[in-house]
Amino acid sequence: MVEGRGGLRLAAETLVPHSAGLFLRACTLTHRRVRVKLACTPLLLSASLVYTCHKGNRLRMPPVGFSRRNQMNQYSRKTLEDFPKFHLSRLSRGETSQEGFTAFELEGEFDRPIEREEEITWFWLLIGERAAIRAQWKSFAEDTRAATLVAHEKELPEIAGKTLYYLGRRWDPYQVWMVLDEQWGWERVRFQAVDAVAETYEAKDISIIDGRRVKTWTKMQRADKRTSTTRYAPAVEQSSPSSAGQQVIPGGWDHEHCQLCRGHIDHDDIGYRDRDELWMCENCYDTYVKPHDLSFVGGP
């Protein structure tokens, strides 16, 4: 439990219940320099408190063993060329849904074995310098590494003659680009807390969070609206919310999250900020961004 400035107490950040009984990812990003749609993903909350995606995807978290590393000489620099590659041999266009998404089928083979998780059916294919598609397994032959993939897109980026790099579902493509791009626009600044706007509301369904029955939630955003990020937390008091509406909390937006390690960048901490108000802690910046090292991704 944390107490925000102005007396508003919030539990640890978590997921927000959707009216249909699903859960939505707490913080959703859409980065204008990356052609990837990072829409809110429906999530289910399991009894064991493992956040599991409605379509089989677990909520992206840093992989086991991920840590802030202080001695770079113990590791070799990792580049995109170290990622598994998919060599496309055939592309076919399928049916288009009423929402305008076309099923594209990609046939080809990977240059190395891919260790797949049975319950996870999707991953990313990075294309060129700034494009990516979300692909799903249709078939995969372990012996030949031949694979058939399906991607549902309104428009498919140009992929003819381009190398397609495999990125597991733990990471989003923009996290790769922000480390590789020398022109990303990082600025070293000191984070300062700003006012937040909080609103308490009652969800349709009850959730079990750390053994606690939760139906009343608090939604918080920056008062200056410099970002579209919204944070949700179970309200301390689980009684029906009052009709007070929104409440301004002085200094309530008192931290940001590092885009790689997810650690806090608290009030008065030094960090790196890009033009879209995405933040990187000093350690991750020095460890990964400066040398353009992708080793935080780990294995496939």
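Read the figures in this text as sums done on the coordinates, not as results from a lab. Worth saying up front: this structure is predicted, and the values here are computed from it rather than measured. FYI the Cβ positions are ideal-geometry reconstructions off the backbone, even for glycines, and counts take in every protein chain you see.
Loop-resident GluC sites (Glu not before Pro) (DSSP state other than H, G, I, E or B) in segment 207-300 with no more than 16 further Cβ atoms inside 10 Å of their Cβ: 237, 277.
Residues whose amide H falls under 5 Å from that of residue 260, counting only those 5 or more places apart or on a different chain, are 281, with hydrogens built in the peptide plane. I want to make sure I understand the PRE zone here: with the label point 7 angstrom from the Cα of residue 192 toward its beta carbon, which residues in segment 246-280 have backbone N atoms less than 12 Å away? Backbone N within reach: 268. The GluC sites (Glu not before Pro) found in segment 114-157 that occupy coil by DSSP, while having at most 14 further C-beta atoms within 10 Å, are 115, 117, 118, 119, 129, 142, 155. Computed about the Cα centre, the dipole magnitude for segment 80-169 is approximately 220 debye when only Lys and Arg (+1) and Asp and Glu (-1) carry charge, each at its Cβ.
Proximity of backbone amide H atoms, modeled 1.01 Å from N, is registered between residue 235 and 216, 217, 218 at under 5 Å, excluding neighbours fewer than 5 places apart on the same chain. With Cα atoms as the point set, segment 80-169 shows a radius of gyration and Dmax of 12.6, 39 Å.
Loop-located trypsin sites (Lys or Arg not before Pro) in segment 123-200 (DSSP state other than H, G, I, E, B) with a sparse environment of at most 13 neighbouring Cβ atoms within 10 Å: 154.
Using the Cβ-Cβ distance between residue 103 and residue 247 with R0 = 45 Å, the FRET efficiency computed as 1/(1 + (r/R0)^6) comes to roughly 0.45. Taking amide H positions as modeled 1.01 Å from N, with prolines and chain starts lacking one, the residues under 5 Å from residue 196 and 5 or more places away or on another chain are 223, 249, 251, 252, 253. So which aspartates and glutamates pass the test for residue 138, namely a Cα distance under 13 Å, with those fewer than 8 places away in the same chain ruled out? Answer for residue 138, where 13 Å is the Cα cut-off: 105, 107, 109, 118, listed by chain and number.
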